[in-house]
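Here is the structure we will look at.
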Amino acid sequence: MSELRQGPLHAVHTELGATFAPFGGWQMPVSYAGTVAEHTAVRESVGVFDVSHLGKASVTGPGAAAFVNACLTNDLGRIGPGRAQYTLCATESGGVTDDLIAYFVSDDEVFLVPNAANTAAVVAALAAAAPEGVVVTDQHRDFGVLAVQGPRSAEILAALGLPADMDYMAFADAHFGGAPVRVCRTGYTGEHGYELLPSWDGSEAVFRALVAAVKEAGGEVAGLGARDTLRTEAGYPLHGHELSTDISPLEARCGWAIGWRKPEFWGRAALMAQKEAGPARTMWGLRAVDRGVLRQGQTVLRDGAAVGETTSGTFSPTLKAGIALALVDSAAGLGVGDAVTVDVRGRALRCEVVAPPFVPLHTR
């Protein structure tokens, strides 16, 4: 087994008393004050996360944006410079190599933030397809990624002199302490928030300032545990769970991230055919009626017959109930409010079908 990689702030997390766990090949801080406290801080006040394990890559050269647009699913033509977009790197069979954020810097530059474990695959695929003059560069260790999330997140950025008054999915290049930092109005929690990209070596100064401001505001430093409970409540997919090379965007309810009118993108023929026929499986939310915690990989049953499997599951600190995302056979005909059971170690846990998200989103 290869050695786990560490981000630029590992020593700071140790200093803050974090517990750690492996994730995507990286040693990640899981919690500090406790997952529930960190989760609640983000929903009610503000939290700051270090997610520098996320990938970073640049695509530069004449026509770089047009090239990326011919590869990834979403339509960069819908946005322009200074905007970011959620998109997918699909396989020719209609699966998903990764989901990522594309920053439209200019017609000749696109900056990408893929998932940690999939960065090399995304970079390799783009590099192999790039025309002469377009260069794809893996910048995984060139930048950190710090997420400030919650109702008071704009206050935190303002306190540091960073831009906060911007539309959802807009970004701006700024400076902190004389060093450049890119600020984007996005996140992975379902709350109003921002993601900051300082340099790898400059991440500590920004993070320490954010931690101080967040603590002053009554918020918390948050880890991977809260990140997962927050994103599950928001109904956001996690690659390897709700999206994979075997789970299509349509099955995962991510058809909105596909530029169907574009003449070209990877996997277009397969996804168009699936759209026409309808996906064989559909992602649903499940909320436990009985006491119990749902986990990934549990069988979903309707009237005693297996109809699907949970892809993510957790205890929702907001709802005080077990929740899960599940991939269910479309032929089962499930709808909101239907009753199912989930096999939790041999126990039939009663659940109600809901359409994600589980909680109201406040991203915009």
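Placing +1 on the Cβ of every Lys and Arg and -1 on the Cβ of every Asp and Glu, with nothing else charged, gives the chain a dipole about its Cα centre of roughly 760 debye. Helical content alone sets the calculated 222 nm signal of the chain at -6000 deg cm²/dmol, taking -39,500 (n - 2.57) per DSSP H segment of four or more residues and averaging over every residue.
Remark: the A159-E3 segment gains 52.3 nm on full extension, using 0.36 nm per residue and subtracting the alpha carbon distance. Residues of segment 64-82 with the amide nitrogen closer than 14 Å to a label point 7 Å from the Cα of K262, along Cα-to-Cβ, please. Hits in segment 64-82 for K262 at 14 Å: 64-80. Residue separation of E44 and K320 scaled by 0.36 nm, minus their Cα-Cα distance, works out to 97.8 nm of gained length.
The fraction of Cα-Cα pairs per 20 angstrom bin, counted from 0 for the chain, comes to 29, 59, 12, 0 percent, rounded to whole percents.
Here each label is just a point 7 Å from Cα along the line to Cβ, and for A11 and A66 those points are 4.8 nm apart. When the P(r) is computed for segment 169-208, the part past 12 Å accounts for 57% of the Cα-Cα pairs. Here each label is just a point 7 Å from Cα along the line to Cβ, and for T19 and Y86 those points are 2.9 nm apart. Can you give the Rg to Rh ratio of segment 229-364, both from alpha-carbon atoms, with Rh computed by the Kirkwood formula? We get a ratio of 0.99 for segment 229-364. Backbone amide hydrogens, once placed in the peptide plane, bring F143 within less than 5 Å of W200, excluding anything fewer than 5 places away on its chain. Taking amide H as placed 1.01 Å from N in the peptide plane, the amide H of G292 sits under 5 Å from that of G322, each at least 5 places away or on another chain. First measure r as the distance between the Cβ atoms of E276 and A121, then evaluate 1/(1 + (r/R0)^6) with R0 = 22 Å and state the FRET efficiency to the nearest 0.05. The pair E276/A121 has a calculated efficiency of 0.20.
Karplus-derived 3J(HN,Hα) values for segment 110-117, using 6.51 cos²θ - 1.76 cosθ + 1.60 with θ = phi - 60°, are 10, 9, 10, 10, x, 6, 4, 6 Hz; glycine and proline are entered as x.
Maximal additional length on extending the R350-R295 stretch stands at 18.4 nm, based on 0.36 nm per residue less the C-alpha distance. Placing one equal scatterer on every Cα of segment 38-159 and applying the Debye formula, the log10 ratio I(q)/I(0) at q = 0.10, 0.11, 0.12, 0.13 Å⁻¹ is -0.35, -0.42, -0.49, -0.57.
Taking amide H as placed 1.01 Å from N in the peptide plane, the amide H of L72 sits under 5 Å from that of W266, each at least 5 places away or on another chain. Centre-to-centre, using Cα atoms only, segment 297-357 and segment 161-208 are separated by 37 Å. Sequentially through segment 154-161, phi angles give Karplus couplings (6.51, -1.76, 1.60; θ = phi - 60°) of 4, 4, 5, 5, 4, 5, 9, x Hz, Gly and Pro residues having no value and appearing as x. Note that segment 125-140 has calculated 3J(HN,Hα) couplings of 5, 5, 4, 5, 9, 5, x, 4, x, 9, 10, 10, 10, 6, 10, 3 Hz, one per residue in order, obtained from phi through the Karplus relation 6.51 cos²θ - 1.76 cosθ + 1.60 (θ = phi - 60°); glycine and proline are x.
No lab work stands behind these numbers, since they all come straight from the coordinates. Note that the coordinates shown come from a computational prediction; the quantities given were computed from them, not determined experimentally. We place every Cβ from the backbone using ideal geometry, glycine too, and count neighbours over all the protein chains shown.
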